[in-house]
Amino acid sequence: MVRVRVRDAHDGDVDSIAALTTVETGVAERLVRERRVAVAERAGGGDGTSGDGETEDDESDAIVGVVAYDVADAAVHVTRLAGETEAVAVLLDEPIGFARAEDMSVEALVPDSAAGALDAVTDAGFKAVGEGPRFAGDRTTRYRLTVDENA
C-alpha cells in the first residue's frame, strides 16, 4: 500500500492540482482560493521515483491525490477528487470527518472516467444517487454518504 501524507493545498500546488484534475491552471487556482483543498503526497519513498518507475523532476514529494470540498445545504460537497486510489481513499477522510463532526451527509461528484476516485468512494460506503453535471463534457455521477457522528 502507498503511504501518503495529507496537507492543505497552497498556491505552489496549482500546477499539480490542475494536472491531476485535468482542469486549466486558472480553475485550479480558484479551487485553492475558494474551496477547502487538501493534497496527498507520497510519503517517504526516498528512491527518487514516482512509483511508476519514472524519475521525479525535483526532490519534493510527488502529489498523488487531491480533494476539494465545500459546505452548502447542510451537506459537505466534494467537488473534485482525483489521484491514485489509495491516496484518494485517505483524502476522503477529510470531508467525511468534517461531516461527522457537523452531523452532515457527504456528497461527491465523480467523473465516470475517474477509476481511482470511483473505487475510493464506493469502498468508503458512498452510494450512487443519480447523474451529476458534466465537467468539460465528461459525465459525472453523484454519490452520497450518510455519516454516523458516533462512528
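Could you tell me which numbered condition ASP70 fails, if it satisfies all but one of (1) of a type in the set (Asp, Glu); (2) in contact (Cβ under 8 Å) with a residue 60 or more places away in the chain; (3) surrounded by fewer than 17 Cβ atoms within 10 Å (Cβ to Cβ)?
For ASP70, the exception is condition (2).
Do we find that VAL88 is touching a Ser or Thr at 6+ places or on another chain (Cβ under 8 Å) and closer than 19 Å to ALA128 by Cα in this structure?
Details: touching a Ser or Thr at 6+ places or on another chain (Cβ under 8 Å): no; closer than 19 Å to ALA128 by Cα: yes.
Spelling it out, it is not the case that VAL88 is touching a Ser or Thr at 6+ places or on another chain (Cβ under 8 Å) and closer than 19 Å to ALA128 by Cα.
Among the residues of the range 101-151 satisfying the criterion of being part of a helix (DSSP H, G or I) and small (Gly, Ala, Ser), which is nearest to ALA72 (Cα to Cα)? Before you say what the answer is, go through the steps one by one.
The initial filter retains those residues of the range 101-151 that are part of a helix (DSSP H, G or I), namely 101-102, 115-123.
Those left that are additionally small (Gly, Ala, Ser): 101, 115-117, 120.
Numbers: ALA101: 15, ALA115: 26, GLY116: 25, ALA117: 22, ALA120: 23 Å.
Here the answer is ALA101.
For the range 100-120, which residues satisfy the criterion of being hydrophobic (A, V, I, L, M, F, W, C) and either touching an Asp or Glu at 6+ places or on another chain (Cβ under 9 Å) or under 8 Å from LEU145 (Cβ atoms) (or both)? Working first, answer last.
Step one: filter the range 100-120 for residues hydrophobic (A, V, I, L, M, F, W, C), giving 101, 104, 106, 108-110, 114-115, 117-118, 120.
Passing the criteria: ALA101, VAL106, ALA108, ALA114, LEU118, ALA120.
GLU86 versus (1) among the charged types (D, E, K, R); (2) surrounded by fewer than 21 Cβ atoms within 10 Å (Cβ to Cβ); (3) not in a helix (DSSP H, G or I): which is the lone unmet condition?
(3)
Hey, among the residues in the range 41-63 that are in contact with a Lys or Arg (Cβ under 7 Å, 6 or more places away or on another chain) and either acidic (Asp, Glu) or closer than 22 Å to TYR143 by Cα (or both), which one's modelled with the highest pLDDT? Explain how you work it out, then say what you get.
Of all residues in the range 41-63, those in contact with a Lys or Arg (Cβ under 7 Å, 6 or more places away or on another chain) come to 41, 43-44, 51, 61-62.
With either acidic (Asp, Glu) or closer than 22 Å to TYR143 by Cα (or both) added as a condition, the list becomes 41, 61.
Numbers: GLU41: 95, ASP61: 73.
That would be GLU41.
Determine which single condition LEU145 fails, assuming it passes every other condition in (1) crowded, with 17+ Cβ neighbours inside 10 Å; (2) modelled with pLDDT under 90.
If we test LEU145 against (1) crowded, with 17+ Cβ neighbours inside 10 Å; (2) modelled with pLDDT under 90, just (2) comes out false.
Note down all Cβ pairs under 7 Å where the first residue falls in the range 15-37 and is among the small types (Gly, Ala, Ser), the second is surrounded by fewer than 14 Cβ atoms within 10 Å (Cβ to Cβ), and they're at least six residues apart or on different chains.
Within 7 Å, the pairs are ALA18/GLU24; ALA18/THR25.
Restricted to the range 1-39, and to residues that are part of a loop (DSSP other than H, G, I, E, B) and modelled with pLDDT of 95 or more, which residue is farthest from VAL76 (Cα to Cα)? Spell out how you get there, then give the answer.
So the first thing to find is which residues in the range 1-39 are part of a loop (DSSP other than H, G, I, E, B), and the list is 1-3, 9-10, 22-24, 35.
Then keep just the ones that are modelled with pLDDT of 95 or more; that gives 9-10.
Values: ALA9: 18, HIS10: 21 Å.
Per the stated criteria, the residue is HIS10.
The values are calculated or read from the model by the stated rules, or taken from the named source; none is laboratory data. Remember, predicted model here, so these are calculated numbers, not experimental data. Every residue, glycine among them, receives a Cβ derived from its backbone with ideal geometry; neighbour counts consider all protein chains shown.
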